[in-house]
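> Have a look at the structure that comes next, please.
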Amino acid sequence: MDLLQNYADQNDDGSDESDNHDQQNPNSSPESSPPRLLPAKSAAPKVDDTMLALSVAQANQTLSRPIDPTQHVVPFNPTYDQLWTPLQGPAHPYAKDGIAQGMRNHKLGFVEDASIEPFVFDEQYNTFYKFGYAADPSASAGYNYVGDLEALQKNDGVSVYNIPQHEQKKRRLEKKKESGDEEDAEEDEVDVIEVDNPATDTWLMKNKKSPWAGKKEGLQTELTEEQKKYAEEYAKKKGEEKSGFGGEKGEVVKDKSTFHGKEERDYQGRSWIAPPKDAKASNDHCYIPKRLVHTWSGHTKGVSAIRFFPKYGHLILSASMDTKVKIWDVFNSGKCMRTYMGHSKAVRDICFSNDGTKFLSAGYDKNIKYWDTETGQVISTFSTGKIPYVVKLNPDEDKQNVLLAGMSDKKIVQWDMNTGQITQEYDQHLGAVNTITFVDNNRRFVTSSDDKSLRVWEFGIPVVIKYISEPHMHSMPSISLHPNSNWLAAQSLDNQILIYSTREKFQLNKKKRFAGHIVAGYACQVNFSPDGRFVISGDGEGKCWFWDWKSCKVFRTLKCHEGVCIGCEWHPLEQSKVATCGWDGLIKYWD
């Protein structure tokens, strides 16, 4: 064994041999064998830890380092502290004051734009140079001023433009004193000749007021009689304008009415305006009248409008230029039943209520009067200070208290007659309003005006829903609704009657046009027969024209009046009877 040991010591430099030797002698004792260390083995791949360590360190660094203001993209979510941390560390090698070259916009560094009014800047600039302090535009919560803070407290923070009150007073006194001294000095030096010579500056200085400006001896305290009278009239006019209701802007006339019939009530107690019991249409077919059957004369001047009593036509109402409104019997005596006197000037338009017990009259005295047909009393008076050219009651049974009036000041005014208040003004026309016609179950109305246009309104809403104006259109002073409510006939002042649809588009029906009569310059009324088969119109030569609705051909002309035939109405029940009125003061009844 000792020999073997020695052998091993000799060959300790050859490790391979000793290994082989051990393998050859597996049964050798462990005590005699030297201790051996085996290298550790792992199945995991070998990993370099350097990059991991660096990335961890980088992450820790990003949590603490401030954001570089020059970088455009931040690859991580910075905290509030990081965003607002000031730049630290050594100065930038290529930047003065630590500002990178790209951040500069001025030779002294980075200048930030501020929006300051020139006046505010000048005020602070001058204040700084005078008092030594100024407002700091970039100041945050701390001091809002820069410069001499003691002077700031002493002057109570005033700027050069905020002169204290006592300083202002002092300056005014000094200025006054200076100007006074100058005048005194000048007065001593003034030459008498220069004062009298208007060509010199001295004369101008002495007579600063214009020589032709009349001098007033003190203030006028009392008004003259003429001024007092004018002031009273003006105050009265203003008061009436404000009230709007019942303010008679025209000449005021005492309202009165005269009954001309035999008795106001018959033996059964029925009123004289009650319709006869047997009044009803005999057949539905209308015929053109041929001859004159009656003439109502009583007006002393031209008649401007006529209206049959609604539904029955046993009475006819007439408005005249002699300021009176008269109502006449149609069926029986054919005489004037009552005269209504309340206007001081010519009456322009009349309109019955649905049941005929009341009516409206509009006069050139700027008043609209609401009359009781039976008694002749004025229920109420309305005025805006402008001439009403057309008056209409809303045809709905539940809106019989609503009055519409087209005025000379381009407005359509709507009154509630129960309260007397103006509830709406439709103000879009560019000329005086001539007609108001309700269409579409009284939900809408069409108005025509001197501005040569038609406008369609939703009742109660002062916005035009349809505006019809063409270059070839003329003014349309009379419009009538066809009995089937689908068409409107408009009397155009270029001697023709135009037909418009009352459907959504309100289109002109180019196939229907009624012509032949001369109406240029006159507001001759156009109308329909109750069955819609005939169109009827007066003209400027006193004729009454009848056209066939389907063929648009002239059916007949009747010479009715001397002068203008201004109005024509077809009787609502008797199919062949027509009433006309003219400027000769007569109302004629044709059959």
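> Toward the positive end of the charge dipole of the range 434-540, about the Cα centre and with charges on Cβ (Lys, Arg +1; Asp, Glu -1), which of Ser453, Gln491, Pro530 goes farthest?
The residue sitting most towards the positive pole is Pro530.
> Keeping the other protein chains in place, figure out the carbon and sulfur percent of the accessible area of the range 462-591, with a 1.4 Å probe. Mind showing how you got there, number by number?
Numbers: 2680 of 5340 Å².
Summing carbon and sulfur atoms, their accessible area is 50 percent of the total for the range 462-591.
> How compact and how long is the range 528-591, expressed as Rg and Dmax of its alpha-carbon atoms in Å?
For the range 528-591, the Cα-based Rg and Dmax read 11.2, 34 Å.
> Assuming a viscosity of 0.692 mPa s and a temperature of 37 °C, what translational diffusion coefficient in µm² per second does Stokes-Einstein assign to the range 265-318, Rh being the Kirkwood radius over Cα pairs? It would help to have the intermediate numbers written out before the result.
Values: Rh = 14.3 Å.
Answer from the Stokes-Einstein relation: 229 µm²/s.
> Kirkwood hydrodynamic radius, computed over distinct alpha-carbon pairs, for the range 441-499: how many Å, to one decimal?
Values: mean 1/r = 0.0826 Å⁻¹.
Hydrodynamic radius (Kirkwood, Cα only) of the range 441-499 equals 12.1 Å.
> What residues qualify as long-range amide H neighbours of Ser304, i.e. H under 5 Å apart, gap of 5 or more or another chain, H built at 1.01 Å from N?
Distant-sequence amide H within range of Ser304: Ala319, Ser320, Met321.
> Another question, then. Compute and list, largest first, the equivalent-ellipsoid semi-axes of the range 457-591 from the alpha carbon gyration tensor, each √(5λ) rounded to a whole angstrom. Write down the numbers at each step before the final one.
Values: eigenvalues 128, 56, 43 Å².
After diagonalising the Cα gyration tensor, the semi-axes are 25, 17, 15 Å.
> Which residues' amide hydrogens lie under 5 Å from the amide hydrogen of Cys560, considering only partners 5 or more residues apart or on another chain, with H built in the peptide plane?
Correct list: Lys543, Cys544.
> Quick check for me: using +1 on Lys/Arg Cβ and -1 on Asp/Glu Cβ, what's the dipole size of the range 256-335 about its Cα centre, in debye to the nearest 20? Working shown, then result.
Working: 14 positive and 7 negative charges, 29 e Å.
For the range 256-335, the charge dipole is close to 140 debye.
> Sticking with this structure for a sec: Considering the zone a paramagnetic label at Lys335 would reach in this model (a point 7 Å from Cα along the Cα-to-Cβ line), which residues of the range 271-315 have amide N under 16 Å from it?
Under 16 Å, as judged by backbone N against the label point of Lys335, lie 272-273, 295-299 of the range 271-315.
> Quick one: which of 395-406, 427-438 comes out on top by average Cβ neighbours within 10 Å, and what's the full order, highest first? Show your work: numbers first, answer last.
Working: 395-406: 17.6, 427-438: 19.1.
Ranking, from highest mean packing down: 427-438, 395-406.
> Dipole of the range 259-395, Cα-centred, from +1 at each Lys and Arg C-beta and -1 at each Asp and Glu C-beta, to the nearest 20 debye? Write out the running numbers ahead of the final one.
Working: 21 positive and 12 negative charges, 71 e Å.
With only Lys, Arg, Asp and Glu charged at Cβ, the dipole is about 340 debye.
> From the phi angles alone, apply the Karplus equation (6.51, -1.76, 1.60; θ = phi - 60°) to the range 557-572 and give each ³J(HN,Hα) in whole Hz, x where the residue is Gly or Pro.
Here the 3J(HN,Hα) series is 10, 10, 7, 9, 9, 7, x, 7, 9, 8, x, 8, 9, 8, 4, x Hz.
> Hey, any idea what Rg/Rh is for the range 484-545, computing Rh the Kirkwood way over Cα pairs? Present the calculation step by step, with values, prior to reporting the outcome.
On the way: Rg = 11.8 Å, Rh = 12.1 Å.
That ratio equals 0.97.
> Would you mind estimating how fast the range 392-537 diffuses translationally, via Stokes-Einstein at 10 °C and 1.306 mPa s with the Kirkwood radius over Cα pairs, in µm²/s? Intermediate results must be reported in sequence, preceding the final value.
Working: Rh = 15.6 Å.
Reported coefficient: 102 µm²/s.
> If the chain between Asn484 and Asn144 were fully stretched, how many nm would it gain, using 0.36 nm times the residue separation less the Cα-Cα distance?
114.2 nm
> Beyond 23 Å, what share of the Cα-Cα pairs of the range 335-468 remains, rounded to the nearest whole percent?
On the way: 2615 of 8911 pairs.
When all Cα pairs of the range 335-468 are counted, 29 percent exceed 23 Å.
> Okay, moving on. Amide H to amide H under 5 Å from Lys358: which residues, 5+ apart in sequence or cross-chain, H placed 1.01 Å off N in plane?
Ser353, Thr373
> In sequence order, what are the phi-derived ³J(HN,Hα) couplings for the range 366-378 according to the Karplus relation 6.51 cos²θ - 1.76 cosθ + 1.60 with θ = phi - 60°, rounded to whole Hz, with x for glycine and proline?
Going residue by residue, I get 6, 10, 10, 10, 10, 9, 8, 4, 6, 8, x, 8, 7 Hz, with x marking Gly and Pro.
> On to the next question. Fully extended, how many nm does the chain gain between Glu233 and Ser42 (0.36 nm per residue separation, minus their Cα-Cα distance)?
Details: separation 191, 0.36 × 191 = 68.76 nm, distance 12.03 nm.
The Glu233-Ser42 span can extend by a further 56.7 nm.
> Taking the simple approach of a point 7 Å from Cα along Cα-to-Cβ for both Thr50 and Lys280, what is their distance in nm?
12.1 nm
> Between Val463 and Gln400, what FRET efficiency follows from the Cβ-Cβ distance if R0 is 22 Å, with the result rounded to 0.05? Write down the numbers at each step before the final one.
Details: r = 25 Å, r/R0 = 1.13.
For R0 = 22 Å, the calculated efficiency reads 0.35.
> Follow-up. Rounding to the nearest 20 debye, state how big the charge dipole of the range 429-498 is about its Cα centre with +1 on each Lys and Arg Cβ and -1 on each Asp and Glu Cβ. Walk me through the numbers on the way to the answer.
On the way: 5 positive and 6 negative charges, 37 e Å.
Using only the charged Cβ atoms, the result is roughly 180 debye.
> So if each residue of separation counts as 0.36 nm, and I subtract the Cα-Cα distance between Glu264 and Lys130, what length gain in nm does that give? Numbers along the way, then the final one.
Working: separation 134, 0.36 × 134 = 48.24 nm, distance 9.84 nm.
Net length gain for the segment: 38.4 nm.
The values are calculated or read from the model by the stated rules, or taken from the named source; none is laboratory data. In this text the structure is predicted, and so the values were computed from the model without any measurement. Positions of Cβ are generated from backbone atoms using ideal geometry, with glycine treated the same way; all protein chains shown enter the neighbour counts. These area figures cover heavy atoms from the full protein model, side chains too; ligands, DNA and RNA do not enter into them. Shrake-Rupley method; radii C 1.70, N 1.55, O 1.52, S 1.80 Å.
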